[in-house]
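The values are calculated or read from the model by the stated rules, or taken from the named source; none is laboratory data. This one's a predicted model, so the numbers in the text were calculated from it and none came from an experiment. As a convention, Cβ positions derive from the backbone with ideal geometry for all residues, glycine included, and neighbour counts pool all protein chains shown.
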Amino acid sequence: MKITIFGSGYVGLVTGACLADVGHDVICIDVDEQKVARLSAGEVPIYEPGLENLISKNMAAGRLRFTTDAAEGVAFGLLQFVAVGTPSDEDGSADLTYVLKVAETIGQHMESYKIIVDKSTVPVGTASKVERAIAKVLEQRGLSTEFDVCSNPEFLKEGAAIEDFSRGSRIVVGTDSERVKNAMLECYGPYNRQRDKMLFMGVRSAELTKYAANAMLATKISFINEVANLAEHLGADIEEVRHGIGSDPRIGYSFIYPGCGYGGSCFPKDVKALAHTAEAAGHPADMVNAVERVNSRQKNKLFEKLYEAFDGQLAGKTIAVWGLAFKPNTDDMREAPSRSLMESLWEAGARVQAYDPEATDECRRLYGERDDLVLADKRDEALEGAHALVICTEWKAFRTIDFEWLRKTLLEPVVIDGRNLFSPNTLKAAGLSYYAIGRGDSVRPVLA
Ligand code: UDX
């Protein structure tokens, strides 16, 4: 099948590479000339395990190429995927500028029947807007070419996107057209062999499914964080509580890990957008609003614990930060808890020595050169001359530490663990003051 994908960002690249890999012919269009040049030279601008190999393999096979030529792209594919960004507007709503621009471009170049596939995460009602935008341009051109617009949201996790695309739990398609249904069955056929994962539904239901899925997951995280904070006040251990509730299959173990708040490109943006959609529909979503509030509070937790440990005396202190990415196996720092922490530390006059296996370049790009930030090349270098260690991301490489050595290395024996990686008793036995999330007495200040 011939497929065109607008947008060579994270979602567009994964979709393009995975569809090419099962034999489709794919053209990826992007307006960014530099990006297209880099991709055409086999250079992948984002870190996603397996993606670079998949792209180069399929480029070599002649099934995948990159161009800025929108006319060529529109002429090429029966399916025209829209996978461009939908950033948050100032009021939290999703900004549809790029999506509607692509719709216009398709309208400008369309000469035959096309199926427009909304892959970007877009608010309910966007498919109708895309339809209107294309129809308007066609009308200006004096054409009445047929087309359909369907919704096909993605459920990709960063760091596991290729696995999620190939072996995801479902493929949601919102359409009421048989023609679209058949085309989408053909497109995803190779990924739909083991069992039927295609869920066909109304366009608006598909659009809402994406937001509801992310908001539900974010709710689980904010809920467990709320209970963790309560556990601290009540002298309970959230890790025991987590096992206690997760063992009930109705609750389950996944997505109830307490921590320093969710980040990334999806949850924060999508929760805010859903709240905005609800507000605009005259039906404020109380729970969704609370999920967002709890999360922004949670992102301050690590700083609050440091503040408590040092009795507010953070000016002039050097704090080692392990983990900058919003989660392991990515270099993405969008809305990462590490950022709230570092920004608060700088405001309090402290210095940061940070290490991340993948995200140091991204950190340099975001914050530039500054006197109060040192980016270490190695994990343990970040500890040299540091008063305390804070763990923001649960990279595997952070799980094994010689605690005796850690106590001797840090100027003050303070470890703040935003991901509950260790046993409080083990750290205490090694003479460290260990502050985790929701772990009873481990939160009390132990420093004199
Ligand atoms: C998420 C969804 O999982 C995915 O289906 C959707 O398409 C996009 O958004 P992603 O943002 O890549 O994917 O990350 P995910 O692995 O889901 O983690 C999101 C955030 O939640 C991270 O900051 C993570 O640390 C946090 N999290 C996750 C918790 O704090 N506790 C948990 O139990 C799980």
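Worth pointing out:
- Glu52 being without any contact (Cβ under 8 Å) to a residue 60 or more places away in the chain and within 17 Å of Lys157 (Cα to Cα): yes
- Odd one out for Asp331 among (1) within 16 Å of the ligand (Cβ to nearest atom); (2) under 15 Å from Arg419 (Cβ atoms): (2)
- Counted residues, region 141-160 - those being of a type in the set (A, V, I, L, M, F, W, C) and either near the ligand (Cβ under 8 Å from one of its atoms) or farther than 18 Å from Val82 by Cα (or both): 4
- Condition check for Thr121: within 23 Å of Val180 (Cβ to Cβ), touching a Lys or Arg at 6+ places or on another chain (Cβ under 8 Å) and hydroxyl-bearing (Ser, Thr, Tyr): yes
- Contacts under 8 angstrom Cβ, first residue in region 204-218 being under 12 Å from Thr121 (Cβ atoms), partner within 7 Å of the ligand (Cβ to nearest atom), 6 or more apart: Lys210/Glu154; Lys210/Phe155; Ala213/Phe155; Asn214/Cys266; Asn214/Phe267
Residue by residue, here is whether (1) touching a Leu at 6+ places or on another chain (Cβ under 8 Å); (2) away from the ligand (no atom under 15 Å from the Cβ); (3) not in a helix (DSSP H, G or I); (4) not acidic (Asp, Glu) holds:
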position: Phe200; (1), (2), (3), (4): no, yes, yes, yes
position: Ala212; (1), (2), (3), (4): yes, no, no, yes
position: Leu217; (1), (2), (3), (4): no, no, no, yes
position: Ile224; (1), (2), (3), (4): no, no, no, yes
position: Leu230; (1), (2), (3), (4): no, yes, no, yes
position: His233; (1), (2), (3), (4): no, yes, no, yes
position: His243; (1), (2), (3), (4): no, no, no, yes
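- If you go through region 19-38 and keep only what is part of a helix (DSSP H, G or I) and surrounded by 24 or more Cβ atoms within 10 Å (Cβ to Cβ), you end up with Leu19, Ala20.
- Among the residues of region 205-231, the one identified as more than 21 Å from Tyr253 (Cβ to Cβ) and β-branched (Val, Ile, Thr) is Thr209.
Let's see how each residue does on (1) at pLDDT below 95; (2) surrounded by fewer than 19 Cβ atoms within 10 Å (Cβ to Cβ); (3) farther than 15 Å from Leu324 by Cα; (4) not assigned by TED's automatic domain parsing to the domain that holds Glu239:
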| residue | (1), (2), (3), (4) |
| --- | --- |
| Asp356 | no, no, no, yes |
| Asp372 | no, yes, yes, yes |
| Ile391 | no, no, no, yes |
| Ile401 | no, no, yes, yes |
| Trp405 | no, yes, yes, yes |
| Leu411 | no, yes, yes, yes |
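- Residues of region 393-421 classified as within 24 Å of Arg334 (Cα to Cα) and touching a residue at least 40 places away in the same chain (Cβ under 8 Å), total: 10
- Matching entry among Leu324, Leu306 (being within 13 Å of the ligand (Cβ to nearest atom) and either on the phi > 0 side of the Ramachandran plot or not β-branched (Val, Ile, Thr) (or both)): Leu324
- Test for Met59: is it among the aliphatic types (A, V, I, L, M) and without any contact (Cβ under 8 Å) to a residue 24 or more places away in the chain: yes
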